[in-house]
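Since every read-out is calculated from the coordinates, none of them should be taken as a lab result. Since the model is a prediction, treat every value here as computed from it, not as a measurement. Here the Cβ positions follow ideal geometry from the backbone for every residue, glycine too, while neighbour counts run over all protein chains shown.
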Amino acid sequence: MTDEAKPASLSRSTMTDIIFPSDTNYHGTMFGGVVMRYIDKIATIASMRHSRRGVVTASSDSLDFLAPVRVGEAIMLEAFVSWTHRSSMEVYVKVQSENLFTGERKTTATSFLTFVALDDEGKPTPVPAVIPESEEELKLFASAEERYQARKKRKEERGPKTV
């Protein structure tokens, strides 16, 4: 890791969009793959803000769909770097939807992704440590080592890469 630790708040990124029929399935709810694209995009921004480097998605630990996003609603995503290792960053993403007529908001999905920062030659490069400040950031930071070990174990169980 680099010498300068950074507050998680410096990586915090938000995005809002309105959902149109082309974003939805035959139920009138947002395609899961479209939600996934938004999640990867906002997590990329958060990890680049933290590392000030180019990044690649290394893993998506979890994506829990909690409620549908319906056509005509707003989708709001919030992401921040919750923990770092040497060159990797865990990014937490929360997705909410809002009924723009009533103002009702609900959490529709949560996700943890891992990004790796790259140097100018495309090789992994050290990233700053993260400093959690808010209650949410502290809670996620405290449980991050356990998620890291689970990722590491899954990777080891898959064995070496084959081409």
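Can you report the number of residues in the stretch 98-123 which are without any contact (Cβ under 8 Å) to a residue 40 or more places away in the chain and surrounded by 15 or more Cβ atoms within 10 Å (Cβ to Cβ)?
Of the residues in that region, 1 qualify.
Looking only at the stretch 105-132, count how many residues are closer than 14 Å to HIS50 by Cβ and not aromatic (Phe, Trp, Tyr).
Count: 13.
Looking at the structure I just gave you, is ARG52 surrounded by 15 or more Cβ atoms within 10 Å (Cβ to Cβ) and not hydrophobic (A, V, I, L, M, F, W, C)?
no
If I ask for residues that are closer than 17 Å to GLU78 by Cβ and out of contact with any strand residue (DSSP E or B) (no Cβ under 6 Å at 6 or more places or on another chain), which ones from the stretch 7-34 would you list?
SER9, LEU10
Taking interchain pairs and intrachain pairs at least six residues apart, which have beta carbon atoms under 9 angstrom, with the first residue in the stretch 135-149 and closer than 17 Å to ALA5 by Cα and the second surrounded by fewer than 17 Cβ atoms within 10 Å (Cβ to Cβ) and of a type in the set (A, V, I, L, M, F, W, C)?
GLU137/ILE131; PHE141/ILE131
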